[in-house]
1. I'd like the residue in region 13-29 that is free of Cβ contacts under 8 Å to residues at least 24 places away in the same chain and hydroxyl-bearing (Ser, Thr, Tyr) and, out of all such residues, is farthest from residue 49 (Cα to Cα).
2. So which pairs qualify, if the first residue must be in region 42-57 and closer than 12 Å to residue 32 by Cα, the second must be of a type in the set (A, V, I, L, M), the Cβ gap must be under 6 Å, and the two must be at least 6 apart or on different chains?
3. Just name the residue that is nearest to residue 21 (Cα to Cα) out of those in region 41-54 that are exposed (fewer than 13 other Cβ atoms within 10 Å of the Cβ) and in contact with a strand residue (DSSP E or B) (Cβ under 7 Å, 6 or more places away or on another chain).
4. If I ask for residues that are part of a loop (DSSP other than H, G, I, E, B), farther than 17 Å from residue 59 by Cα and in contact with a strand residue (DSSP E or B) (Cβ under 9 Å, 6 or more places away or on another chain), which ones from region 18-40 would you list?
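Derivation of every value follows stated rules applied to the coordinates shown; laboratory data play no part. In this text the structure is predicted, and so the values were computed from the model without any measurement. Here the Cβ is made from the backbone with ideal geometry for all residues, glycine too, and neighbour counts use every protein chain on show.
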Amino acid sequence: MNDLNAFLEPGMLVRHPTSPDWGIGQVQSVIDGRITVNFREVGKQVLDGSRVMLVPVYE
């Protein structure tokens with residue numbers, strides 16, 4: 001499996017590239033390609049790391 005988000009670690013801030021209205025999210029966990037992110041606007045989302053490339057945010 002190609003994990004586009006192998007660089008992600010818990011605590012990092014990210015944006016979803018096709019859902020900018022979700023706001024900034026904080027990575028909660030990265031397990032077997034599944035990324036749990038708590039977004040400011042929509043809450044906790046579990047994403048498939050092989051299907052979406054999250055964009056790191058440096059505030």
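1. Of everything passing the filter in region 13-29, 19 is farthest from residue 49 (Cα to Cα).
2. Note: pairs meeting the criteria are 47/35; 49/35; 50/1.
3. 44
4. Restricting attention to region 18-40, the residues satisfying the condition of being part of a loop (DSSP other than H, G, I, E, B) are 18-19, 23-24, 32-33, 40.
So of that shortlist, the ones also farther than 17 Å from residue 59 by Cα come out as 18-19, 32-33.
Those that are part of a loop (DSSP other than H, G, I, E, B), farther than 17 Å from residue 59 by Cα and in contact with a strand residue (DSSP E or B) (Cβ under 9 Å, 6 or more places away or on another chain): 19, 33.
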